[in-house]
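Remarks on the structure that follows.
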Amino acid sequence: KNRIAVMTSGGDSPGMNGCVRAVVRKSLAQGCESYCIYEGYEGLVRGGDLIKQMRWEDVRGLLSEGGTSIGTARCKAFTERPGRLKAAKNMIDKGINALIICGGDGSLTGADTFRGEWPGLLEELVSSGEITPEQRNEFQHLNIVGLVGSIDNDFADTDATIGCYSSLARICESVDSIDATASSHQRAFVIEVMGRHCGWLALMAGVSTGADFIFIPENPPAQNWEDQMCGIIKKHREFGKRKTIVIVAEGAIDSELKQISPTQVKDLLSNRLKLDTRITTLGHVQRGGTPCAYDRQLSTLQGVEAVMAVLDATPETPSKFIAIIENKIIRSPLIEAVALTQEVAKAIAAKDFKRAMDLRGPEFAE
Ligand code: ATP
């Protein structure tokens with residue numbers, strides 16, 4: 001009998017709960033046993049009460065809750081082999097033979113490493129007498145499937161990660177609120193949004209709120225950006241605009257890879273354009289709260305598909321993650337997508353910004 005476990009790992013995102021609910025219920029509907037691993041890889045390494053069998057009613061009401069109710073964590077122990085050995089033992093103790101992980105690229109890379117090492121880990125557990133040879137034969141293959149949960153929409157080969165549209169909606173609501181006061185007082189606001197490595201939230205927030213200027217990591221502004229930005233904002237003011245909104249991603253840089261800070265932008269607007277300028281850092285409100293309809297739907301459809309991918313997998317199937325491309329839910333090779341995701345950071349470090357934008361996708365090019 002298949003025993004399928006689900007866990008959430010890395011930074012939380014709205015919709016992770018929807019994944020847990022969908023995986024638990026689809027597993028049960030397919031006649032499998034269902035388990036939740038609490039606190040991400042920490043739960044897998046520590047085992048015991050952190051791995052719980054789930055019933056249908058245990059995930060009732062989760063769809064509309066933000067964050068992840070089974071907890072998430074960053075776990076150093078799992079990044080080292082001894083930690084993964086403990087994790088393997090805990091899984092075998094519970095009879096779990098498939099793992100569905102909802103997390104970012106780090107979490108999904110860790111899962112694939114675990115799967116690659118699995119036969120070796122089992123041999124080691126047999127040698128130390130922690131499992132029997134019969135258990136090794138029974139649990140020969142570990143099946144893993146990834147779901148991408150991240151507010152940043154920073155994963156390659158999928159149009160949207162679970163949580164990014166909820167976060168974008170929250171940012172837009174916040175900018176709308178700021179807009180009202182900015183217009184009233186004719187002020188300028190420099191708004192910092194999340195995205196240490198990916199500018200999707202800043203870019204889409206800029207488009208969705210009609211911001212005057214944005215800064216993102218993948219496409220630094222021209223060397224004379226200070227003149228350029230002030231010129232654009234001055235022109236907008238001359239057209240009669242009573243407010244100025246500049247959006248800065250956390251990881252925004254200039255063409256020399258130097259960070260662009262909200263304070264630097266504020267000083268420029270205050271000193272050169274004489275605008276009454278304030279900084280607003282949106283912070284963790286962007287992460288949380290109720291998932292939007294899109295994330296409820298995406299997490300449900302992808303969670304269901306992840307269970308089907310587990311049931312269809314053979315020992316030879318490379319690890320998969322569930323993507324959405326042009327509105328279709330599909331299964332895609334995991335490791336290629338992780339490698340492509342990591343390429344963006346390499347392109348930025350090499351100042352190949354065109355490649356960074358191409359890798360991010362068409363919305364960046366436009
Ligand atoms: P986010 O996008 O929110 O940062 P993430 O999944 O990329 O999410 P990480 O902190 O990179 O977040 O990873 C979460 C956990 O996954 C780590 O604390 C660690 O336990 C595990 N992990 C990450 N990378 C690896 C790896 N290369 N090998 C083994 N485990 C890993």
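Read-outs: derived from the displayed coordinates by stated rules, not from any lab. Predicted model, so just to flag it, every value in this text is computed and none were measured. Backbone-built Cβ (ideal geometry, glycine too); neighbour counts: all protein chains shown.
Quick notes
- Output for segment 16-41, where each listed residue is small (Gly, Ala, Ser) and more than 16 Å from the ligand (Cβ to nearest atom): GLY18, ALA22, SER27, ALA29, GLY31, SER34
- Segment 220-260, residues that are surrounded by fewer than 16 Cβ atoms within 10 Å (Cβ to Cβ), among the hydrophobic types (A, V, I, L, M, F, W, C) and more than 25 Å from ASP276 (Cβ to Cβ): ALA222, LEU257
- Being within 13 Å of the ligand (Cβ to nearest atom), of a type in the set (Phe, Trp, Tyr) and under 30 Å from PHE364 (Cα atoms) holds for only one residue in PHE114, PHE155, and it is PHE155.
- Residues that are polar (S, T, N, Q) and farther than 20 Å from ARG3 by Cα within segment 121-139 comprise SER127, SER128, listed in sequence order.
- LYS52 falls short on exactly one of the conditions (1) away from the ligand (no atom under 16 Å from the Cβ); (2) closer than 20 Å to PRO291 by Cα, and that condition is (2).
- Residues located in segment 186-217, provided they are within 19 Å of the chain's Cα centre (by Cα), assigned to a strand (DSSP E or B) and surrounded by fewer than 24 Cβ atoms within 10 Å (Cβ to Cβ): GLU192
- Residue satisfying all of: in segment 99-108; part of a helix (DSSP H, G or I) and surrounded by 19 or more Cβ atoms within 10 Å (Cβ to Cβ); nearest to the ligand (Cβ to nearest atom) among these: SER107
- Test: SER183 is of a type in the set (Ser, Thr, Tyr) and either more than 26 Å from ALA252 (Cα to Cα) or over 25 Å from the mean Cα position of the chain (by Cα) (or both): yes
- Of all residues in segment 70-98 being crowded, with 20+ Cβ neighbours inside 10 Å and over 18 Å from LEU125 (Cα atoms), the one that is farthest from the ligand (Cβ to nearest atom): ALA98
- Among the residues of this structure, LEU44 does not count as one that is free of Cβ contacts under 8 Å to residues at least 24 places away in the same chain and within 16 Å of the ligand (Cβ to nearest atom).
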